[in-house]
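K.L.:
Before I ask anything, let me first share the structure, which is written out below as structure tokens.
Values quoted throughout were computed directly from the atomic coordinates according to the rules given, and no laboratory measurement underlies them. This structure is a prediction, so every number in the text was calculated from the model and none was measured. All Cβ positions, glycine included, derive from the backbone under ideal geometry; neighbour counts span all protein chains shown.
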Amino acid sequence: MSTFHETAIAAAIAGKLPFGFPVIPTPSTDPGAVGEAIAVTFTGTPGARLAIQVIDPAQLEDGSKKADLADRLHPIFEAASIVLGPGALGSGETVAATEVFAAPGTQVFDLVDSTGAIAARASVRIDGDRTGSGSTGPQRINRIAGVEMELVVEIGRTRMPVRDVLALEPGNVVELDRAAGSPADIKLNGRLIGHGTVVVADGDFAIRVERILDGAESV
């Protein structure tokens with residue numbers, strides 16, 4: 001099971017969490033955590049250990065504020081586990097966040113809102129057979145084909161002192177670290193997956209994909 005599948009599971013969790021605002025899964029650079037999380041075990045081929053930590057459960061708009069958090073999150077785990085194929089999903093249990101987020105082989109995602117604030121965190125650890133059969137893989141992916149993931153095209157970037165940022169005014173030109181005509185980076189949920197050329201299509205900016213990086217699914 002590649003990192004792409006783990007990202008798809010995180011995207012399913014982000015898409016199903018009942019916040020009143022969208023959240024985007026971003027690979028976390030800080031696998032540590034404090035507090036508690038809700039974790040479940042999925043028994044199948046492959047198996048998995050999934051966990052969700054909601055920073056402020058009061059933000060969940062599921063109409064069940066008095067219910068146990070594990071019960072409230074169970075439908076989200078069910079939706080996320082679809083990508084794994086047939087199997088059995090265990091009941092949610094409250095665990096120390098470090099127990100699941102820092103476990104070996106675990107990938108941690110920050111679920112961030114439009115301001116970049118972390119609304120929740122999710123962890124995915126795939127166990128057992130990581131390849132699966134060639135016939136079932138596409139079928140599993142098709143089950144979550146409707147889950148939206150963030151695709152970003154980056155033409156360049158730069159670093160500036162705070163004083164220079166605060167001094168920016170309309171009409172100022174900020175130089176980027178890329179020459180004119182260079183290919184743009186195509187990123188899926190923060191991961192570089194390819195390069196392309198910025199074009200105009202029907203009056204809107206678009207990207208013509210020129211190259212998909214080898215091994216993009218497992219970056």
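K.L.:
Return the label of the correct value of semi-axes √(5λ) of the Cα gyration tensor in Å, as calculated from the structure shown, out of (1) 23, 21, 15; (2) 27, 22, 15; (3) 34, 23, 16.
P.N.:
(3)
K.L.:
After finding the eigenvalues of the alpha carbon gyration tensor for region 1-85, what semi-axes result from the square roots of 5 times each, listed largest first in whole Å? Before the final figure, lay out the partial values.
P.N.:
Details: eigenvalues 88, 46, 35 Å².
Gyration-tensor ellipsoid for region 1-85: 21, 15, 13 Å.
K.L.:
Return the single residue from Arg208, Arg157, Arg191 with maximal mean-square fluctuation; model: Gaussian network over the chain, springs between Cα atoms under 10 Å.
P.N.:
Evaluated over the chain, the most mobile residue of the options is Arg157.
K.L.:
Using only the alpha-carbon atoms of region 152-218, report the extent along each of the three principal axes, biggest first, to the nearest angstrom.
P.N.:
Result, largest extent first: 41, 32, 21 Å.
K.L.:
May I ask you to derive the relative contact order of the chain, considering only C-alpha pairs under 8 Å and at least 6 residues apart, and to give it as an integer percent?
P.N.:
Details: 397 pairs, mean separation 51.5, N = 219.
Computed value for the chain: 23 percent relative contact order.
K.L.:
Using label points projected 7 Å from each Cα along Cα→Cβ, tell me how many nm separate Leu192 and Arg211, to one decimal.
P.N.:
Distance between the two pseudo-spin positions: 1.0 nm.
K.L.:
Evaluate the distance, in nm, between pseudo-label points positioned 7 Å from the Cα of Ile118 and of Arg178 along their respective Cα→Cβ axes.
P.N.:
2.8
K.L.:
What order do you get for Leu166, Leu84, Leu60 when you list them from fewest to most C-beta neighbours inside 10 Å? Before the final figure, lay out the partial values.
P.N.:
Details: Leu166 8, Leu84 26, Leu60 20.
Least crowded to most crowded, the residues run Leu166, Leu60, Leu84.
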